[in-house]
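Heads up: the structure comes next, in structure tokens.
The values are calculated or read from the model by the stated rules, or taken from the named source; none is laboratory data. Predicted model only: the values in this text are computed from it and were never measured. Here Cβ is always computed from backbone atoms with ideal geometry, including for glycine, and neighbour counts include all displayed protein chains.
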Amino acid sequence: MTGEGRWTVQQSNRSARLDRAASALGGALNGKVVDAARIVDLLHAVLEPGDRVCLEGNNQKQADFLGKALTRLDPQRVNNLHMLLSVLSLPEHLDVFDKGIAGRLDFSFSGPQAGRLAKLAQTGKLNIGAIHTYLELFARYFIDLTPRVALVAAEMADREGNLYTGPNTEDTPAIAEATAFKSGIVIAQVNRIVDKLPRVDIPGDWVGYVVQSPTPYYIEPLFTRDPAQISEIQVLMAMMAIKGIYAEYQIERLNHGIGFDTAAIELLLPTYAAELGLKGKIARHWALNPHPALIPAIEAGFVESVHSFGSELGMENYIRARPDVFFVGPDGSMRSNRAFSQAAGHYACDMFIGSTLQIDLHGNSSTATLGRIAGFGGAPNMGADARGRRHPSAAWLKAGQQAREGRNTIPRGQKLVVQMVETFREHMAPAFVERLDAWQLAEQAGMAIPPVMIYGDDVTHILTEEGIANLLLCRSDEEREQAIRGVAGYTPVGMGRDKRMVENLRDRGIIRRPEDLGIDKRMATRDLLAARNMKGLVRASGGLYDPPKRFRNW
Amino acid sequence: MSSYLELTARQRIPAMFDAGSFEEFLPPSARVASPHLAELDSPVSFDDGVVVGRGLLGGHTVFGAAQEGAFMGGAVGEVHGAKLAGMLRRAIDERAHAVLLLLESGGVRLHEANAGLIAVSEVMRAMLDVRAAGIPVVAVVGGANGCFGGMGIAARCANTVIMSEEGRLAMSGPEVIETANGVEEFDSRDRALVWRTTGGKHRYLMGDCQLLVADDTAAFRAAALDAIADLVQGEVGLTLEGLLAEQDMLARRLQDADGASEPMELWRRLGVSDPAGVPMLEADAFLALAARHRAGLQPAASGTGER
Amino acid sequence: METLQFRFGQGSRPLAGNAQLVGVVGSGNLEVLIEAVPLDGACEIEVHTAAVGFGATWGAVMEDFHARWSLADARISINDNGATPAVVSLRLDQAVESLISPAAPSTGGTP
């Protein structure tokens, strides 16, 4: 091709799609607004075989109306789509593969669909490009995985296509920007179309089409944990985390991976941590979804700021009433942003702490299980040393110094990456293993490398009910292995320890047991939790927190 | 505030009785466990899930029991039932001041089949005999597993039932109703509905529970002391008059409920202006509201324990 | 169900007082009955457990328990419903502490 057309192929193609849509929809298209009943016609018009299509499958919110519409396409007309999703959460995300509408997938996390994904991948109907972290996937939208069409969800739109996402902004800004500025087309399903938005989260210039869905977009409350389910062992581990790590390193900026273990820490801040005189010294700035379990710590004055990846059902009014803490727009509702929060968790936090399913003798940590391709979500971004970081903090310098003491290297800081796990999981499955299931999964699913959530190189501490292993202070693979065995309790890995070496590691402070931290195990009861049930959280919030139905008995 | 709900049965006893006053009959060291469970190769408990004995409450000799909801749901097996019945009969023999039952049970322990059924019926018979002997019986229902099945019936054989809103009291369990009649009839996974139907606030409004307290051991203890102090002043046994009044109340209640398919409708009919707001009220606010509206407010003939 | 028995001779710490019980036989939990019984200075432990085939793990837990407390003339009887070693060790320690310092309210000792 010669002449001007050579450099504007994508743009011309985009115009052609818009023309097709206008033709096909006629009066059902009013400016940017499309009749919901004609959504399949719109998609047939703007999609072409082989397109890269990004569908919001976010962690919390789902563009479910658009996702279902995709499954109703005629595979003769639209096929071989290359799907890009942060999260495969709904059955229809995989139905498009079953029906031959889509053929290739790049994603980050698959939660409830992990088993079916594994099966489909085996049939050959679904080719996985790669599994990513969230931030990694967004990054590729700007390099080599730019979406041609993006299907997003928002609360409201105006007739110019401006979008209001409210608290559930999540991935939308990253997806929409990449798509809009590379000749792509953004289609948004919204709960309502209004004359004036409370605020503009996505400018109308970026948006091609808007459709009002018959029912509000689906949102999943993933970050709510009922305090009634927190056990004494989890309270003990939370005490160790606070005294042995948070206080020790003065952790002011952090991210918690979701789980009951971290919920226990959150609920111990106003009680145990306060008793230790730690208010104002730790846990001040958070990259965190609005966990209901954090409410008592906020109310007690521990928490100065929280930036969130997404929102959490039921927390809207509480957030609205605490604009000094959360990121809130001029309209009063929260604005979240997964891409920025992930970057914040990576670069601006001094510690990540989360749980896992398996840890091997090098400290490699995996949530991979056989028969399920679950992916990673955002944990690897938080749970990794930020080698590009340059600004210092006390915690970062101390960790870096512990890692490099006595070694001939240039001084550097290091992020704390803590893996917190009970030595045995349900049905007496050991959390510590010689070989991760991830190896077998990689073979099964034809992956290039085993899917590891957090690499041993990045893990700085392993915390179990038996104590804390400080891997920063280890100076050889052997010391590292024994430090891990030393906190692996009665699992086969733990029982295989070299007793003398482990005692030596304890003498040197590389392994610290609860007693070494000055923790009285008898204090590890549920009485220490600032709230012990959902009602307690509601009370702590002054009635502002409104838990979703499934968490309430009222 | 110390949660009653969070405590084990063995922790509830010293929280309710005067400090250090409780003497346990057939303690765990006696190892009187269930022969049936052992035969079924199922774990047993040294006390078969119930603590029975005698202590002081406000200085008076009170016999008592606490069921352990975490062991087999607090369900009553042969030994468990025999311990309860035996304690009740001994209370009569020793002319106790009162009997205090801390109930948390799914009802009959089906594993033990007929032995479990008989056990529960013996408990009911013994409770009524205690009352006939002029000894008041107070039932406390505040555990996480609630009080269901045969023990739900047994609870209503007491003079006075004390509940927290977290407690639940009913005969058929929610899952049973759903299995038998379908999810449209009763969605057992709708926890809010389950508590509206079987929880302490509903029971209090309907008159099945005479005292409602916050989930706090001190509040439960105080309520038990008050209830007993009240009851000893009157007739605690069943009387014909009392039973007829109860029958009247039940008939009226049935009539007033005609056509209603949701507890909030019943509350509305009682005159509660914001039924949807009831579940979120704290105990004090709820009691103030309920005082004006609850069923069974007509002066009760002595003997039913209605307040 | 599996029954396991352990005996540790020459303990150095005798107990005194009434039998105590901690824990409940709920899912993932256990009850521990501890009694002061003349046993020629030994500590005897009997476990009835619903989790079959973990004898070696129980053995290791009991060895460490004995290393911690070295009880003499003590009988410990356990009904277990699938508790992890962490919970088992916790309850064992709570049981001993209920005898040593009876004013520990949270252990749920005999009332």
Do we have any residue at all in region A:310-324 that's touching a Leu at 6+ places or on another chain (Cβ under 7 Å), crowded, with 24+ Cβ neighbours inside 10 Å and either at pLDDT 95 or above or over 16 Å from A:GLN60 (Cβ atoms) (or both)?
-> yes
Tell me, which residue of region C:89-111 that is in a helix (DSSP H, G or I) and more than 9 Å from every other protein chain (Cβ to nearest Cβ) is modelled with the lowest pLDDT?
-> C:ILE100
Can you tell me which residue in region B:54-69 is nearest to B:GLY237 (Cα to Cα), limited to those that are among the small types (Gly, Ala, Ser) and buried (at least 22 other Cβ atoms within 10 Å of the Cβ)?
-> B:GLY64
Taking region B:253-291 only, how many residues are among the hydrophobic types (A, V, I, L, M, F, W, C) and within 14 Å of another protein chain (Cβ to nearest Cβ)?
-> 9
Within the set of pairs 6+ apart or on separate chains, which have a first residue in region A:461-473 that is within 14 Å of chain C (Cβ to nearest Cβ) and on the phi > 0 side of the Ramachandran plot, a second that is charged (D, E, K, R) and part of a strand (DSSP E or B), and C-beta atoms under 6 Å apart?
-> A:GLY467/A:ARG512
Conditions (1) closer than 19 Å to A:ARG140 by Cβ; (2) touching a Pro at 6+ places or on another chain (Cβ under 6 Å) -> A:ILE101 fails only (1)
Which of the residues that make up region B:39-72 are within 21 Å of C:SER77 (Cα to Cα), charged (D, E, K, R) and either touching a helix residue (DSSP H, G or I) at 6+ places or on another chain (Cβ under 8 Å) or modelled with pLDDT of 95 or more (or both)?
-> B:ASP47, B:ASP48, B:GLU68
B:GLY59 vs. criteria more than 11 Å from chain C (Cβ to nearest Cβ) and either under 19 Å from B:VAL138 (Cβ atoms) or touching a Gly at 6+ places or on another chain (Cβ under 9 Å) (or both) = yes
Somewhere in region A:149-164, is a residue surrounded by fewer than 19 Cβ atoms within 10 Å (Cβ to Cβ) and over 21 Å from A:THR71 (Cα atoms)?
-> yes
Sort out for me the helices (runs of 4 or more DSSP H) sitting completely within region B:163-256 that have 1 or more residues that are crowded, with 21+ Cβ neighbours inside 10 Å and out of contact with any helix residue (DSSP H, G or I) (no Cβ under 6 Å at 6 or more places or on another chain).
-> B:191-198, B:200-206, B:217-231
Mind counting the residues in region C:66-87 that are crowded, with 22+ Cβ neighbours inside 10 Å, more than 9 Å from chain A (Cβ to nearest Cβ) and either β-branched (Val, Ile, Thr) or assigned to a helix (DSSP H, G or I) (or both)?
-> 1
Residue within region C:18-31 that is more than 11 Å from chain B (Cβ to nearest Cβ) and either surrounded by fewer than 23 Cβ atoms within 10 Å (Cβ to Cβ) or over 17 Å from B:ARG10 (Cα atoms) (or both) present = no
A:ILE258 vs (1) modelled with pLDDT of 95 or more; (2) under 28 Å from A:LEU397 (Cα atoms): all pass except (1)
Can you pull out the residues in region A:454-466 that are farther than 21 Å from A:GLY496 by Cα and outside any strand (DSSP E or B)?
-> A:TYR455, A:ASP457, A:ASP458, A:VAL459, A:THR460
A:ALA139 in contact with a Gly (Cβ under 7 Å, 6 or more places away or on another chain) and either crowded, with 21+ Cβ neighbours inside 10 Å or assigned to a helix (DSSP H, G or I) (or both) | no
Any chance region B:152-167 includes a residue that's in contact with a Pro (Cβ under 9 Å, 6 or more places away or on another chain) and within 14 Å of chain A (Cβ to nearest Cβ)?
-> yes
Among the strands (runs of 3 or more DSSP E) contained in region A:230-331, which hold 1 or more residues that are hydrophobic (A, V, I, L, M, F, W, C) and more than 26 Å from A:ARG552 (Cα to Cα)?
-> A:253-256, A:285-287
The number of residues in region B:19-73 that are in a loop (DSSP other than H, G, I, E, B) and not acidic (Asp, Glu) is 22
Do you know which residues across region B:30-46 are surrounded by fewer than 20 Cβ atoms within 10 Å (Cβ to Cβ) and either within 24 Å of the chain's Cα centre (by Cα) or within 7 Å of chain C (Cβ to nearest Cβ) (or both)?
-> B:ASP41
So B:THR198, is it among the polar types (S, T, N, Q) and modelled with pLDDT of 95 or more | yes
Find the helices (runs of 4 or more DSSP H) located wholly in region A:1-119 whose residues include 3 or more that are in contact with a Lys or Arg (Cβ under 7 Å, 6 or more places away or on another chain) and over 25 Å from A:TYR164 (Cβ atoms), and list them.
-> A:39-46, A:91-98
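Condition check ((1) assigned to a strand (DSSP E or B); (2) out of contact with any Phe, Trp or Tyr (no Cβ under 9 Å at 6 or more places or on another chain); (3) within 24 Å of A:LYS398 (Cβ to Cβ); (4) modelled with pLDDT of 95 or more) across all residues:
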residue	(1), (2), (3), (4)
A:ILE468	yes, yes, yes, yes
A:LEU472	no, yes, yes, yes
A:GLU479	no, yes, yes, yes
A:GLN482	no, yes, yes, yes
A:ALA488	no, no, no, yes
A:VAL493	no, no, no, yes
A:ARG497	no, yes, no, yes
A:LEU505	no, yes, yes, yes
Matching option when the condition is under 26 Å from the mean Cα position of the chain (by Cα), at negative phi and acidic (Asp, Glu), among A:ASP195, A:ASP158, A:ASP144, A:ASP205 | A:ASP144
Any residue at all in region B:123-135 that is in contact with a Lys or Arg (Cβ under 8 Å, 6 or more places away or on another chain), farther than 20 Å from B:GLU68 by Cα, in a helix (DSSP H, G or I) and among the small types (Gly, Ala, Ser)?
-> yes
